[in-house]
Amino acid sequence: MRTLTILGATGTIGVNTLDVVARHRERFRVFALTANRDDARLAEQCLRHRPRFAVMADPDAAKRLSQRLKSAATGTEVLAGREGLETVAAHPEVDYVMAGIVGAAGLVPTLAAARAGKRVLLANKEALVMSGDLFMRAVRDHGAELLPIDSEHNAVFQCMPGGHGDGLDGAGVSRILLTGSGGPFRNTPLSALDAVTPQQACAHPNWVMGPKISVDSATMMNKGLEVIEACWLFSTSVDRVEVVVHPQSIVHSMVEYADGSVLAQLGNPDMRTPIAHALSWPERMQSGVERLDLTAIGRLDFERADFDRFPCLKLGYQTACAGGGASTVLNAANEVAVEAYLKERIRFTDIPRIIEHTLERLCYRAPTSLESVLALDAEARATAEARVSR
Ligand code: NDP
């Protein structure tokens, strides 16, 4: 029996994780569930899964959750804020932590889980992108296990012999090929991108996801973040990570070996596959995902990624090359720009402009501590926000 904390339980990743776990109650016990403000949904989840702790990042939402759970006698203790999140991520009774909070808000508890030597199931790519070396050192120094949930990195992990411990050369791997669908605007005329609405941007053709990652998929910043994530996870340089546009989202990524073999991992676009894989690794277990029917799909297409259409992907590559704190700045500026776009304060095509502006304004000293990562993140947010307001 493994005990599990789910950070971001009310989000898409959290809900999918609970779906998988509910199919294997003999193997997993839900220890803690967390959310930000959605106390109604977290209360429902507490009634169903009876965790020992529930944490709301927002203190007012924590009070509301306590009220909701009072009469239900779930035995769940409600905690609040950053401290509450860190407590349930690093608690000695916890074995596995699903890092499913969206954005930079996930860094502190995810890092706490790594420092406590947990199996960290990493969906929250932003945490790794913004803290890079600091995060990977915490994993190594504290004997944590890091398993990727992003379908692309989970696919690469599955295609590598013995996981990713030896780096590419040790595994005889020459390149990583990350696939990306190209999002909803893959074929939209470039001149029309100025006017696309957040609703259109969030209507991903293949995946059901939260609003932030949906916009990231539409700009392909998601793939830019994933290139950086791949460099850290698989200890490689950016020139060995290639992005291939694959509109059907059936091949989740590929690994090319020195002898010319290319191994791919295929499956329906359903996050329960990587979640079940990471929960049960090195074994396999049922996930509830429908079987892949290749004859019904009929064809698989692959295209080169177009930097003119997707300037955010180019910024992701440039940032990966720049190293240091550039990815902290990129991530923060992107979060500010995406939020402004979702609130209709800026246009879709302003997103890369704001990120580029922020990258140009700040110097990329490499942050060496959590405090310096958070300080650079705050500085980049202020710079990006000032540009949004202009
Ligand atoms: P959602 O927006 O659906 O869910 C986000 C979760 O994080 C919610 O539980 C939310 O709580 C919580 N949260 C938001 N802000 C804060 C905060 N400030 N403090 C604490 N908790 C917070 O996101 P997704 O599930 O789509 O994505 C989660 C992460 O997984 C992202 O990093 C994304 O890039 C990654 N990912 C997602 C995939 C997907 O298919 N969805 C695929 C691969 C990676 P509340 O509900 O109360 O707001």
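Values in this text are rule-based calculations from the coordinates and carry no lab data. Quick caveat: nothing in here was measured; it's all calculated off a predicted structure. Every residue, glycine among them, receives a Cβ derived from its backbone with ideal geometry; neighbour counts consider all protein chains shown.
A few comments on the model shown:
- Gained length - Asn268 relative to Met1, 0.36 nm times residue gap less alpha-carbon distance: 93.3 nm
- The residue among Val262, Gln286, Ile250 whose Cα reaches farthest toward the positive pole of the charge dipole of the range 248-311, with charges on the beta-carbon of Lys, Arg, Asp and Glu, is Gln286.
- Taking every C-alpha pair closer than 8 Å and separated by at least 6 residues, the mean separation divided by the residue count of the range 157-267 gives a relative contact order of 41 percent.
- Projected label distance in nm at Ala22 and Arg240, using a 7 Å step from Cα toward the beta-carbon: 4.2 nm
- Counting every pair of alpha carbons in the range 45-97, the share spaced more than 16 Å apart comes to 41 percent.
- Full extension of the segment from Glu283 to Cys321, taken as 0.36 nm per residue of separation minus the current Cα-Cα distance, would add 10.1 nm.
- Modelled label positions at Asp259 and Arg82, each set 7 Å beyond Cα in the direction of Cβ, lie 5.1 nm from each other.
- Shape category assigned to the range 217-262 from the gyration tensor of Cα positions, a/c cut at 1.5: oblate
- Rounded to the nearest 20 debye, the dipole magnitude of the range 267-390 is 200 debye, with +1 charges on Lys and Arg beta carbons, -1 on Asp and Glu beta carbons, and the Cα centre as origin.
- Positive minus negative residues near Met56 (Lys, Arg vs Asp, Glu; Cβ under 10 Å): -1
- Positive contributions from Lys and Arg (+1) and negative ones from Asp and Glu (-1), summed over other residues with Cβ under 12 Å from the Cβ of Pro247, come out at 0.
- Per-residue ellipticity at 222 nm from helix content only, as computed over the chain with -39500 (n - 2.57) for each DSSP H run of at least four residues, stands at -14000 deg cm²/dmol.
- The range 87-163: GluC sites (Glu not before Pro) falling in loop per DSSP and having at most 15 other Cβ within 10 Å: Glu93
- Relative contact order for the range 232-350, counting Cα pairs under 8 Å that sit 6 or more residues apart, in percent: 22 percent
- Positive dipole terminus of the chain, leading residue within Ala35, Val329, Pro211 (C-beta point charges): Ala35
- Remark: the Cα gyration tensor places the chain in the rounded category, a/c being less than 1.5.
- For the chain, a simple Cβ point-charge model (Lys and Arg +1, Asp and Glu -1, everything else neutral) yields a dipole of about 980 debye relative to the Cα centre.
- Spin-label proximity, Asp58 to the range 81-112 - amide N less than 13 Å from point 7 Å beyond Cα toward beta carbon: 81
- Applying a DSSP loop filter and a limit of 13 other Cβ atoms within 10 Å to the GluC sites (Glu not before Pro) in the range 343-390 leaves Glu344.
- With the simple spin-label model, which puts each label point 7 Å out from Cα in the Cβ direction, the Arg390 to Arg304 separation comes to 3.3 nm.
- Couplings for the range 303-309, taken from phi via the Karplus curve 6.51 cos²θ - 1.76 cosθ + 1.60 with θ = phi - 60°, read 9, 6, 7, 9, 5, 5, 6 Hz in order; Gly and Pro are left as x.
- Cα gyration tensor, the range 220-363 - rounded (a/c under 1.5), prolate or oblate: prolate
- Dipole of the range 52-184 [Lys/Arg +1, Asp/Glu -1 at C-beta], most positive-end residue of Ala127, Gly143, Leu85: Leu85
- Here the Karplus curve 6.51 cos²θ - 1.76 cosθ + 1.60, taken at θ = phi - 60°, turns the phi angles of the range 252-260 into couplings of 8, 3, 9, 10, 9, 8, 4, 8, x Hz, with x standing for Gly and Pro.
- The alpha-carbon positions of the range 1-125 define a convex hull whose volume is 86 Å³ per residue.
- Cα centre as origin, Lys/Arg/Asp/Glu Cβ charges: the range 55-95 dipole, Debye: 340 debye
- Gain on full stretching of the segment that runs from Ser372 to Asp141 - 0.36 nm per residue minus C-alpha separation: 81.2 nm
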